[in-house]
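Structure record follows, encoded as structure tokens.
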Amino acid sequence: MVVKTVWSVDHVCGHAGEVDLSARRADQRAGYARWLSGRDCTDCWHTARAQDAEATAERIAVQRAAEAEAARAWEEEFRMPPLEGSERAVAWGARCRHQLVTAAYAALVTEGAMSEGQWAEVEDAVRPVTPAGWWIDQRETDPVDLPELLAAASGTDRPIENPHF
Ligand SMILES: [Zn+2]
């Protein structure tokens, strides 16, 4: 007897279909057909995946909007100047700046030994750094390094070596 190659499968999604299992070994076909019957049909699987992708994109968009809103409120409260760059870079850089500066405050002041007065100096150093790209570049930096990075950005971490100045 020859084991059939085309099997009809009743998928859990309610659809039935015929599958060609000729590429599988004869003794594996029944098991594979049973495995398929425990899953959605190909169409439903693709639809579910597309919906997942859409839901993920929507979730990210909602999260981005919330982060942008938080960054705007923070900029207003702490008198942070707008960033410079393309529209996309400014939006991204604003989120990075907000997240990095608030994380630095938590690490250095709330959980660290820095005084509010010293922190005010850090904030003063944050304000002049307005290129959005700078903040995007620092997005994965350790928040405790922020004061050092700000000093590097303003050039105050290096003594001026040119004797003519
Ligand atoms: Zn289906």
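Derivation of every value follows stated rules applied to the coordinates shown; laboratory data play no part. Note that the structure is predicted; figures quoted are calculated from it, not measured. Cβ coordinates were reconstructed from backbone atoms using ideal geometry, including for glycine residues, and neighbour counts include every protein chain displayed.
Here are the numbers:
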item: In order through the stretch 139-145: 3J(HN,Hα) via Karplus (6.51 cos²θ - 1.76 cosθ + 1.60), integer Hz, x for Gly, Pro; result: 5, 9, 6, 6, x, 5, 7
item: Charge dipole magnitude, Cβ of K and R +1, D and E -1 - the stretch 1-139, Cα centre, debye nearest 20; result: 880
item: For the chain: relative contact order, % (alpha-carbon pairs under 8 angstrom, 6 or more apart); result: 16
item: Point-to-point label distance, S37-S8, nm (Cα→Cβ direction, 7 Å offset); result: 1.2
item: The chain, helix-only ellipticity at 222 nm - DSSP H runs n ≥ 4, -39,500 (n - 2.57), divided by all residues, nearest 500; result: -18000 deg cm²/dmol
item: For the chain, built as a Gaussian network whose Cα springs stay under 10 Å, the top-fluctuating residue of V12, V101, V144; result: V12
item: The stretch 128-144-the stretch 87-107 distance, computed between alpha-carbon centres (Å); result: 7
item: Cysteines without a disulfide-compatible partner [the chain; Cβ-Cβ under 4.7 Å]; result: C41, C96
